[in-house]
1. Any idea what angle helix 39-55 forms with the longest principal axis of the chain, computed on alpha-carbon atoms, 0 to 90 degrees, nearest 10?
2. At a Cα cut-off below 20 Å, give the lysines reachable from K117, other chains included and same-chain residues fewer than 8 away excluded.
3. How do the peptides 179-191, 48-60 rank, highest first, by the average count of neighbouring beta carbon atoms within 10 Å per residue?
4. In deg cm²/dmol, rounded to 500, what helix-only [θ] at 222 nm does the chain give when every DSSP H run of at least 4 residues adds -39500 (n - 2.57) and the total is split over its residues?
5. To the nearest 20 debye, what charge dipole does the chain have about its Cα centre, counting +1 at the Cβ of each Lys and Arg and -1 at the Cβ of each Asp and Glu?
6. In what sequence do K7, K64, K72 fall when counting other Cβ within 10 Å, fewest first?
7. For L63, what residues show an amide H to amide H distance below 5 Å, using hydrogens built from the backbone and excluding near sequence neighbours?
8. How many angstrom lie between the C-alpha centres of the range 95-156 and the range 166-202?
Amino acid sequence: MSSTEDKWSAARVATILLEAEDRTSARGSIQAEWPGLDLATAYAAQDDALARRVARGETVTGLKLGLTSRAKQRQMGVDAPSVAWLTDAMALPAGDPVPRARLIHPRAEPEIVFVMKDRLAGPGVTATSAMAAVGHVYAGIEIIDSRYSGFRFTLADAVADNNSSGVYVTGPVGLPPESLDLALEACLLEVDGQVVDSATGAAVLGHPGEALAFAANTLAERGLAIEAGWTVLTGGMTDAVPVAPGARVAAHFTHLGSIALAGG
């Protein structure tokens, strides 16, 4: 192992990215500096960072998925999504503006959000068994915020960075999953009154339940499960759009209602 390799570890990656988040300061790709950053190490860094968040008073509240659209997978050259953590510090109260002071370069994406009624543990979880564990479905807007300059990163970089976590808000309408055809649930993404993108739930791995099953089975490889009461953001339905200061972002869903927030 070279002296350069010897300097690196999952703990150091976690430290670098948490410091960048705390300083709201972007940096270059870690994997470009350390080719040894593989996915297993990236997830270890993600877990290390979560332990530090909990130690400073945050509570684990759920999961977020990334790269759940086929287009984003092709763009990144991967064939599977990735999983990251949510804490209570990432939940944005309805009506609050985007907290720009704690974000570097926020981007918004609409999501279908699950709140779990039952614990869901892999392996072997299918979309059908995953959906049976869901209590309610909500609309959501996630404000992602990469710690990498220009949102330029590898898959391992993104995983180590908790899938570009920022903040998120959920809508007021919560429906039981059996009342919805989530593959057909449509969404319009709007910025300052102009529709900039649209999608249906099928953009999320064909059905958001597939993303939930993937999360449960991936966590099982680390001896973990999705707990009852957790929130799961199933991944962006559209491309993420930059949130300029003062901009108004809104997402309008067929059955799950609308959400709007100011750009701060």
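1. Taking the Cα atoms of the chain, the angle to 39-55 is about 80 degrees.
2. List returned: K64.
3. Per-residue mean Cβ counts within 10 Å order the peptides as 179-191, 48-60.
4. Helix contribution divided over all residues of the chain: -7500 deg cm²/dmol.
5. For the chain, the charge dipole is close to 360 debye.
6. Sorted ascending by nearby Cβ count, the order is K7, K72, K64.
7. L86, T231, V232, L233
8. So the two Cα centres are separated by 13 Å.
None of the figures in this text is laboratory data; all of them are computed from the coordinates on show. These numbers come from a predicted model, not from an experiment. For neighbour counting, all protein chains shown are included, and Cβ atoms are generated from backbone atoms with ideal geometry for every residue, glycine included.
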